[in-house]
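One structure below.
The values are calculated or read from the model by the stated rules, or taken from the named source; none is laboratory data. All of these numbers come straight from a predicted model, not from anything done at the bench. Cβ placement follows ideal geometry from the backbone for every residue including glycine, while neighbour counts extend to all protein chains displayed.
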C-alpha cells in the first residue's frame, strides 16, 4: 500500500469513526435566538420560537431557556438540557448522547406569522 493510499484510508476511517461534534454555545445562540425550530422530538412534531429575552414559545405554552456550554437548558422543567448539532438550517437535538429530535431552523418567529 502506498503512503498516499494509507493516508486516504486513515482519513476515511477517521471521518466515519468520529461523528459531528455538538455545536458551541455561540453557534447555538446564533442559530436559535430570534428564530424558530420546527421538527420532531419524541414522536411528535412541534415548532418553538426562541425569543431574545430567554423565553421560548410553542403551541403548549412558554417558559425560560438558557444557552450554556453544554447546550440548551429548560430550567425548572423535566426537559433538562440538550446538545445541538447544527448543519446549515438543520438541527439535531442530542440528549444523553442519543438523538432526541431533528428539524429545521426557520428565520424569525413563524408562530407569530401563522397567528396573523
**Message:** Condition check: under 20 Å from residue 88 (Cα atoms) and at pLDDT 95 or above. Does residue 50 satisfy that?
**Reply:** yes
**Message:** I'd like to know if region 58-69 contains one or more residues that are in contact with a helix residue (DSSP H, G or I) (Cβ under 6 Å, 6 or more places away or on another chain), closer than 15 Å to residue 95 by Cα and outside any strand (DSSP E or B).
**Reply:** yes
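When you look at residue 40, is it loosely packed, with under 15 Cβ neighbours inside 10 Å, over 17 Å from residue 24 (Cα atoms) and in contact (Cβ under 8 Å) with a residue 40 or more places away in the chain, yes or no? Full working, then the answer.
Values: loosely packed, with under 15 Cβ neighbours inside 10 Å: yes; over 17 Å from residue 24 (Cα atoms): yes; in contact (Cβ under 8 Å) with a residue 40 or more places away in the chain: yes.
Yes, satisfied.
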**Message:** Anything in region 72-91 that is closer than 20 Å to residue 106 by Cβ and touching a residue at least 24 places away in the same chain (Cβ under 8 Å)? List them, or say none.
**Reply:** 72, 84, 85, 86, 87, 91
**Complete:** Considering region 84-116, residues that are in contact with a helix residue (DSSP H, G or I) (Cβ under 9 Å, 6 or more places away or on another chain) and not in a loop (DSSP other than H, G, I, E, B), and then whichever is nearest to residue 53 (Cα to Cα), we arrive at 105
